[in-house]
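Below: the structure, in structure tokens.
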Amino acid sequence: MKLEHLSVRPKAIAKDDNSHIEQLLVAGPGHEAVEALQSVRHRVNKDTAVCLMTDGLGVLEEVRQRVFQGTESRPSFVLGHMSHRLAFNRRYDAVKELRHGKTQLTFADSSLQGQDVERTESRINFVQAMEGVKDLNSSLAPFDKWLHFKLPSVILDSVVEPVCVLMEIPYAGLQRNPAAQRMMQRLLTEIITVVDNMPEIEGSAAIRNFIRGSRIKQHIYSRIMARRGASSDLARQIQNGLPTDIDYLNGFFIRRGHQLGIETPTNSMIRDMIKAKHSLAIERLNSYIPIRKARLEQLKTQGGGASRGNGGPSGQDGERQRQQADEARQQILNQILHPEAADRLGRIRLVKEQRATDIENRLITLAQTGQLRQKVTEAQLKDLLTAVADNQEQEKIVVSRRKGWDDDDDLDDL
Ligand SMILES: CC(C)(CO)[C@@H](O)C(=O)[O-]
């Protein structure tokens, strides 16, 4: 079974609805935006206002070029960025706020590069509608102020995450690794040169002060400290063969550098290495079914099957054996889970370690007994989660009333 790269969830694409869209908010990873807009292009015209609240930079340029170039029916755009931390609850199609922040909106007319100025009225209406949603805490800002708000997270993701991936270290490892720090410094120097020359922000003292002074470095350092216990999101995406936003992180600065005649060799090399690693991960994920019997036998003798955490030998030998068993376990899980399912299980582990371990044990047992013929999809994993939850509820003979956002719903946020 090959990995699909249709990243937009089918539910977001209502193919049979042809009604005109007046206001459209596109959020999420940068790499999903083009596909999402293409799916509703026939419902959008020059009276539509689209707010791009996507991750990364260069998304608007890509959307203008790939979806609306040469058409009369080009909508007008608002760019947005928010610092709220949100979780998506798939079961209820709802969003939960984990941390309150603010939303900044802007018009990107300065990046139109000779194209017609967009209609202002529809954009103003959209901004007003968003300002009316109290929880969004939105305001309209000049372009440079907006970029100043968004740039730190984009730079952080371009400088820190790829280095974690390539050196195979978590955030904590960056602090004590001079080679990693040199690599980050090179990436940052090139990025700063590109930003400093972007025509859209010419004359912006706020951005100049931010990138030329020590503030950007302080920001990166403080984020590394804050996340030192965490592993990189990009590493998780690559390991699971999921699409990444690298083209809207380092890729954006490379494209802009090219347009401005600025060389960005370190960013280009790192982007290519990330892409190569991603292709290898996909190849690996697609090449392991059916599970090799010999590997399973090895796993059984190492005690790494469905028996995680059940004691075993102690001391250094015991530790080594446990490590080997954990690695073997992980290898098997990589073989039997679809990337989206592995991703979901990983997130469940963050909040319910025992639940994730129980599920893993079941999956490994199914694999060992030859009952898995194909990789487990995210939908199948959800069924299994529900079955395990039902079972546990019956075992406890406890009746509990479900709340809107109870514990199990939290698993669905993930
Ligand atoms: C880079 C940008 C923010 C405007 O300069 C916009 O064009 C974009 O994201 O595509």
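Computed from the coordinates by the stated procedures, all read-outs in this text should not be read as laboratory data. All figures in this text were calculated on a predicted structure; none of them were measured in a lab. Cβ: placed from backbone, ideal geometry, glycine included. Neighbour counts: every protein chain shown.
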### Theoretical gain in end-to-end length, SER110 to ASP272 [0.36 nm per residue, Cα-Cα removed]
55.3 nm
### Query
With a Cα-only, solvent-free Debye model of region 129-244, what are the log10 I(q)/I(0) values at q = 0.10, 0.16, 0.22 Å⁻¹?
-0.38, -0.85, -1.16
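About its Cα centre, how strong a charge dipole does region 324-386 have in debye, to the nearest 20, once Lys and Arg get +1 and Asp and Glu get -1 at the Cβ? It would help to have the intermediate numbers written out before the result.
On the way: 10 positive and 9 negative charges, 29 e Å.
In total the dipole reaches around 140 debye.
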#### Entry: 24 Å Cα-Cα threshold exceeded, pairs from LYS96/LYS382; LYS96/LYS145; LYS150/LYS352
LYS96/LYS145; LYS150/LYS352
## Note on the structure
PRE zone check, label point 7 Å out along Cα-to-Cβ of ARG99, amide N under 20 Å, scope region 152-174, hits 152-162, 170-174
### Summary
The answer for LEU337, listing residues at least 5 apart or on another chain whose modeled amide H is closer than 5 Å to its amide H, is VAL376
### Query
What is the spin-label model distance, in nm, from HIS219 to ASP383 if the labels are put 7 Å beyond Cα along the C-beta direction?
4.7
### Summary
Once ASP326 and LEU366 are pulled to full extension, the length gained, defined as 0.36 nm per residue separation minus their Cα-Cα distance, is 12.6 nm
### Query
Going toward the positive end of the dipole of region 124-206, with +1 on Lys and Arg Cβ and -1 on Asp and Glu Cβ, which of MET184, SER153, PRO199 do you reach last?
MET184
### Query
How many angstrom lie between the C-alpha centres of region 117-150 and region 157-213?
28
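If you take the C-alpha gyration tensor of region 324-386, multiply each eigenvalue by 5 and take the square root, what semi-axes do you get, largest first, in whole Å? Write out the running numbers ahead of the final one.
Working: eigenvalues 51, 41, 23 Å².
The answer is 16, 14, 11 Å, longest axis first.
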### Message
Can you order the peptides 54-64, 140-150 by their average number of other Cβ atoms within 10 Å per residue, highest first?
### Response
54-64, 140-150
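If you take every residue apart from SER83 with its C-beta less than 10 Å away from the C-beta of SER83, what net charge results, scoring Lys and Arg +1 and Asp and Glu -1?
Numbers: positive: ARG85, ARG99, LYS102, LYS150; negative: none.
Once positives and negatives cancel, what remains is +4.
Order these peptides, 274-280, 159-165, by their mean beta-carbon neighbour count within 10 angstrom, highest first. Could the numbers behind the result be given before it?
Details: 274-280: 15.6, 159-165: 24.4.
Going by the mean number of other Cβ atoms within 10 Å, highest first, we get 159-165, 274-280.
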### Query
Residue by residue, what Karplus-based ³J(HN,Hα) values in Hz, rounded to whole numbers, does region 59-69 have, using 6.51, -1.76 and 1.60 with θ = phi - 60° and x for Gly and Pro?
6, 4, 4, 5, 5, 4, 6, 8, 10, 10, 5
### Message
Please list, ordered by chain and number, the residues whose modelled amide H lies under 5 Å from the amide H of CYS51; skip anything fewer than 5 residues away on the same chain.
### Response
LEU24, LEU25, VAL26, VAL78
